[in-house]
Amino acid sequence: MSSILTAEDLNLWYGETHALKNINMEIPDKSITALIGPSGCGKSTFLKTLNRMNDLIPSVKITGNVTYNGHSIFDKDTDVNTLRRNVGMVFQKPNPFPMSIYDNVAYGPRTHGFENRVKLDETVEQALRDAAIWEEVKDRLKKNALGLSGGQQQRLCIARALAVRPKVLLMDEPTSALDPISTSRIEELALQLKEKYAIIIVTHNMQQAVRISDHTAFFLLGELIEYGKTEDIFSQPQDQRTEDYITGRFG
C-alpha cells in the first residue's frame, strides 16, 4: 500500500522539552492509522506536526523531515495553507464557528476563493453527506451551528474539514467528549471515509483502535515504541511495554 505521509528521524522540542524522539513512520493512504499511548507521550504533538499546526507555537524546534506525497512539508516553497487544505484536522472538542451550519461548511471553500453559489451549494451538501449529517440538518442550514448537539457539532466539523477536499484527515481524540451513540456514529463515518482519505486518529480508547484502525502506532515518552497492523499490535505485540500498555498495566 502506498504511503501518503512519511516521518523520517523526526524530532521536536518545546523549549527544552524533547517531545518527539527520532520518529520514523510511513502512513498508508486510504486507511485508518491509530495513535495510542498514555497522556503526554507525543501523540497529539506528532499529529499536529503533520500539517504544521506546531508552527503556531514560538518555542518549537523541529529536526528531521515529514514528506507528504514525496515532498518535504518543511521546504521553503511549501505553502502551509495548501498543506492544511490537503491535510485537514478535526479537534478533540467540537469547535463550530458561531455562524450558520451552511456558513461553517462553506468557510473553507470561500477562503480558497470559491464564490460560485451553485458550486458552493453542491460542495456544502456533499461535505454534509460525506459527514453523515445532511439528513439531520438539510432543513436548517441557516440556523446557528451552536444549536446542534455535541455529536452533530463534531460531524459538522468533519464536514467543514471535508469541504476543501483534503487527502488526509487528522483526528485528535474526536470522540472523547461524546456519548456512546455519537461515538459509534463517528466510528462508522471514519470507516466510510477511509475509502477516500487517509485517516490518522489519536485515541485513548483501546477498543476504538481495535474496532476501526488498520494500523496502530504506540507512543511512549516521545518515542514510537511499536508500529504495525492493528491486529498484530493487539494480539502479538513485539515490545513488552506495548503489551503492558494495552493490557492496562499502566497509562
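The values are calculated or read from the model by the stated rules, or taken from the named source; none is laboratory data. Since the model is a prediction, treat every value here as computed from it, not as a measurement. As a convention, Cβ positions derive from the backbone with ideal geometry for all residues, glycine included, and neighbour counts pool all protein chains shown. Only protein heavy atoms, including side chains, enter the accessible area calculation; ligands, DNA and RNA are left aside. Shrake-Rupley method; radii C 1.70, N 1.55, O 1.52, S 1.80 Å.
Within the range 49-90, restricting attention to residues that are under 20 Å from the mean Cα position of the chain (by Cα) and on the phi > 0 side of the Ramachandran plot, the residue that is most open to solvent (accessible area, probe 1.4 Å) is Asn69.
Out of the residues in the range 180-208 meeting the condition of being in contact (Cβ under 8 Å) with a residue 40 or more places away in the chain and assigned to a loop (DSSP other than H, G, I, E, B), tell me which one is most open to solvent (accessible area, probe 1.4 Å). Looking at the filtered set, the residue picked out is Glu195. Scanning the range 1-48 for residues that are outside any helix (DSSP H, G or I), open to solvent by less than 70 Å² (accessible area, probe 1.4 Å) and of a type in the set (Gly, Ala, Ser) turns up Ser3, Ala7, Gly15, Ala19, Ser31, Ala34, Gly37, Gly42. One residue stands out among those in the range 113-131 that are in a loop (DSSP other than H, G, I, E, B) and open to solvent by 50 Å² or more (accessible area, probe 1.4 Å): the one that is farthest from Arg85 (Cα to Cα), which is Asn116.
Taken over the range 82-120, the criterion of being more than 29 Å from Thr203 (Cβ to Cβ) and small (Gly, Ala, Ser) is satisfied by Ser100, Ala106, Gly113. Residues that are without any contact (Cβ under 8 Å) to a residue 40 or more places away in the chain and more than 14 Å from Lys93 (Cα to Cα) were ranked within the range 135-164; the one that is most open to solvent (accessible area, probe 1.4 Å) is Asp139. Per the conditions (1) assigned to a loop (DSSP other than H, G, I, E, B); (2) at pLDDT 95 or above; (3) within 23 Å of Pro38 (Cβ to Cβ), the sole criterion not satisfied by Leu141 is (3). Scanning the range 107-127 for residues that are hydrophobic (A, V, I, L, M, F, W, C) and out of contact with any Leu (no Cβ under 8 Å at 6 or more places or on another chain) yields a total of 2. Apart from one condition, Arg211 fits all of (1) over 28 Å from Ile158 (Cα atoms); (2) open to solvent by 70 Å² or more (accessible area, probe 1.4 Å); (3) in contact with an Asp or Glu (Cβ under 7 Å, 6 or more places away or on another chain); (4) not hydroxyl-bearing (Ser, Thr, Tyr); the exception is (1). Any residue in the range 56-79 that is assigned to a helix (DSSP H, G or I) and closer than 16 Å to Leu170 by Cα? Within the range 56-79 (the criterion being assigned to a helix (DSSP H, G or I) and closer than 16 Å to Leu170 by Cα), the answer is no, since none of the residues qualifies. Among the conditions (1) closer than 16 Å to Gly151 by Cβ; (2) open to solvent by 40 Å² or more (accessible area, probe 1.4 Å); (3) more than 16 Å from the chain's Cα centre (by Cα), Ala177 misses just one, which is (3). For the range 224-251, a residue qualifies if it is surrounded by 14 or more Cβ atoms within 10 Å (Cβ to Cβ), within 22 Å of the chain's Cα centre (by Cα) and in a helix (DSSP H, G or I), and the qualifying residues are Thr230, Ile233, Phe234, Ile246.
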